[in-house]
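Just so it is clear, none of the values below were taken in a lab; they were calculated from the coordinates. Here the structure is a predicted model, which is why all the values come from computation and not from measurement.
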Amino acid sequence: MSAETDDAKGRVKEAAGALSGDKDLKQEGKADQAGAKVKNFAENAKDKVEDAVDSLKEHMHRKD
């Protein structure tokens, strides 16, 4: 699942928990949202590393 999907799922769980008074469900929703933030951060970091590697490869090929 994408980070955006995990975040949305967490928001729904948190809201459902708040409306029903289910503290465990509310907390699970918050945990899902936190996990989504971590996943999003990791995806962004991976993309930046891949971009840096691609840039370095292009730079090395131009010098050949």
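Annotations for the structure displayed:
- For Kirkwood radius over Cα pairs in Å, calculated from these coordinates, the label among [x] 12.6; [y] 13.6; [z] 13.3: [y]
- Proximal lysines relative to residue 37, as straight alpha-carbon distance under 23 Å, when same-chain residues fewer than 8 apart are discounted: 9, 13, 23, 26, 46, 48
- Using a cutoff of 8 angstrom between alpha carbon atoms and counting only pairs six or more residues apart, the relative contact order for the chain works out to 31 percent.
- Cα centroid separation, region 1-16 to region 40-64 (Å): 31 Å
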